[in-house]
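Working notes, structure below.
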Amino acid sequence: MTVCGRFAPTPSGRIHLGNILCAMLSWLSVRSKNGRYLLRIEDLDAMRCPRSLADLIEDDLKWFGIDWDDGGSAGGDPWYQSCRTAIYDRYFDVLKDKGLLYPCFCSRAELHTAQAPHRSDGTYIYAGTCRNLTPEQIAEKSKRRPPAWRVRVPEREMSFTDGCQGVYTENLAHDCGDFIIRRSDGVYGYQLAVVVDDGLMGVTEVVRGSDLLNSTPRQMYLYEQLGFAIPQFYHMPLLTAPDGRRLSKRDGDLDLGVLREKFGRPELIVGMLAKAAGLRPTAQPVQLSDLVADFSWDKIPKQDIALPEEILQ
Ligand SMILES: [Zn+2]
């Protein structure tokens, strides 16, 4: 079977160095296996994600040396999550027909005050307030506000071997809890959209930041319930600022717009990232395509990576 990977950016800002490292590793992983590479735009929150920003991301990726076989603006609407609502509706109904979904009427304030335990990442585990409402209660509450929808998870251990982080195990009920799949404003959650898209697009490997490691058991449960094959996951280390903080879009001085102007040539940035990620012994300038032949996940560290000093100078 041909390997198929993808990059799936959210165009709510210019791409930053952490995103480009993710694109770089996912592209190298696929190209080193002669696989297919896709570009999908994750603009579920369409108001915050204008097409103009998605176009800028494409331009940044091409400049960096990343190409794709399908998707992006050339592929048109099917590659933008904001245009895929009818598809998500269909799979939402599959889960609903299986009795796996229920409406949740809890307000944000109620969720915060509920005595719910917290996950290690600080998010709460749903206490199950709306899990067993009667049809009468649902009808009554529906008059006041539209519900969000949650997936009912079983008491079950989910385990997988991550290509970068090794074995990861979570008990769905204890460590995760029933999770939101559609918000009360009708916008689908990331968990459903990403599983449906990767499933339908034939994606066989998913590379993303280690901050998403603990959403994987939930997604595996959805893959199973929707009848899709579960891809191989690689949760890569994140880039950290000199003070140890993980990089985010707030670090505007590290977005590709600024870096392109500062360094001029992509080979300089590729070289620095290749050294930081363990792919090269030095930060010598190099073209991205020259890293394909020697690429191996064995070289990539599990722990977060400190920002290359050269970038900050
Ligand atoms: Zn609720």
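The values are calculated or read from the model by the stated rules, or taken from the named source; none is laboratory data. Here the structure is a predicted model, which is why all the values come from computation and not from measurement. Neighbour counts are summed over all protein chains in view; Cβ atoms, including those assigned to glycine, are modelled from backbone coordinates with ideal geometry. Keep in mind that these areas ignore ligands, DNA and RNA; they rest on the heavy atoms of the full protein, side chains included. Shrake-Rupley method; radii C 1.70, N 1.55, O 1.52, S 1.80 Å.
Report the FRET efficiency, 1/(1 + (r/R0)^6), for Thr2 and Met47, where r is their Cβ-Cβ distance and R0 is 51 Å, rounded to 0.05. Intermediate results must be reported in sequence, preceding the final value.
Working: r = 36 Å, r/R0 = 0.71.
Between Thr2 and Met47 the formula returns 0.90.
Taking only C-alpha pairs under 8 Å that are 6+ residues apart, what is the relative contact order of region 268-310 in percent? Kindly include the intermediate steps, with their values, before the conclusion.
Values: 45 pairs, mean separation 18.0, N = 43.
RCO, region 268-310: 42 percent.
Report, in whole Å, the centroid distance computed from the Cα atoms of region 277-297 and region 142-196.
36
Given R₀ = 41 Å, what would the calculated FRET efficiency be for Asp211 paired with Gln137, taking r from the Cβ atoms and rounding to 0.05?
On the way: r = 37 Å, r/R0 = 0.89.
With R0 = 41 Å, the Cβ-Cβ based efficiency is 0.65.
Please give the solvent-accessible surface of Arg183 in Å², to the nearest 10, using a probe radius of 1.4 Å with every protein chain present.
90
Where in region 40-55 is the amide nitrogen less than 17 Å from a point lying 7 Å along the Cα-to-Cβ axis of Leu226?
In region 40-55, the label zone of Leu226 (backbone N under 17 Å from the point 7 Å along Cα→Cβ) covers 40-45.
Counting just the Cα atoms, what span does the chain cover along each of its three principal axes? Round to the nearest Å and put the largest first.
Its Cα atoms span 67, 39, 38 Å along the three principal axes.
If you put +1 on each Lys and Arg Cβ and -1 on each Asp and Glu Cβ, how big is the dipole of region 86-192 around its Cα centre, in Debye rounded to 20? Before the final figure, lay out the partial values.
Values: 15 positive and 14 negative charges, 99 e Å.
That gives a dipole near 480 debye.
Of Tyr91, Val153, Asn171, which is farthest towards the positive pole of region 86-192's charge dipole, taken about the Cα centre with +1 and -1 on the beta-carbons of Lys, Arg and Asp, Glu respectively?
The residue sitting farthest along the positive end of the dipole is Tyr91.
Counting only Cα, what are the radius of gyration and maximum Cα-Cα distance Dmax of region 1-133, in Å?
In Å, with Rg to one decimal and Dmax whole: 19.0, 54.
Expected output is a single nm value to one decimal: the length gained when fully extending between Asp55 and Ala86, i.e. 0.36 nm times separation in residues minus the C-alpha distance. What is it? Please list the in-between numbers first.
Numbers: separation 31, 0.36 × 31 = 11.16 nm, distance 2.39 nm.
So the chain would gain 8.8 nm between Asp55 and Ala86.
Let me know the Rg and Dmax you get for region 86-192 when you use only its Cα atoms, in Å.
For region 86-192, the Cα radius of gyration and maximum Cα-Cα distance read 15.1, 48 Å.
Using only alpha carbon pairs under 8 Å that are at least six residues apart, calculate the relative contact order of region 86-192 and give it in whole percent. Don't skip to the end; give the middle numbers.
Values: 131 pairs, mean separation 28.3, N = 107.
Once divided by the residue count of region 86-192, the mean separation gives 26 percent.
Among bridges DSSP assigns within the chain, what percent are antiparallel (round to 5)?
Here the share of antiparallel DSSP bridges comes out near 55 percent.
Just to verify a number: FRET efficiency for Ala74 and Ser12, C-beta to C-beta distance, R0 = 22 Å, to 0.05?
So, using R0 = 22 Å, E works out to roughly 0.50.
Which part of region 190-227 falls in the paramagnetic zone of Asn34, meaning amide N under 13 Å from the point 7 Å along Cα-to-beta-carbon?
Counting backbone N atoms under 13 Å from the label point, the list is empty.
Within the chain, how many Lys pairs sit with Cα atoms under 26 Å apart, leaving out pairs fewer than 8 places apart on the same chain?
Step by step, the pairs that qualify in the chain add up to 18.
So what does His174 come to for accessible area, using a 1.4 Å probe and Å² rounded to 10?
Surface open to solvent at His174 totals about 110 Å².
For Met158, Met47, Met201, write out the residues from largest to smallest accessible area, computed with a 1.4 angstrom probe and no ligands counted. Intermediate results must be reported in sequence, preceding the final value.
On the way: Met158 5, Met47 180, Met201 35 Å².
I get Met47, Met201, Met158, largest accessible area first.
For the chain, calculate the relative contact order in percent as a whole number, restricting contacts to Cα pairs under 8 Å that are 6 or more residues apart.
Numbers: 508 pairs, mean separation 62.4, N = 313.
Computed value for the chain: 20 percent relative contact order.
Under the Cβ-under-4.7 Å rule, which cysteines of the chain stay unpaired?
Cys4, Cys22, Cys49, Cys83, Cys106, Cys164, Cys176 - these cysteines have no disulfide-compatible partner (Cβ-Cβ under 4.7 Å) in the chain.
Can you pull the percent of the chain's accessible area that's carbon plus sulfur, 1.4 Å probe, other chains left in place? Provide the component values of the computation, followed by the final result.
Working: 7190 of 14480 Å².
Here carbon and sulfur together make up 50 percent of the probe-accessible area.
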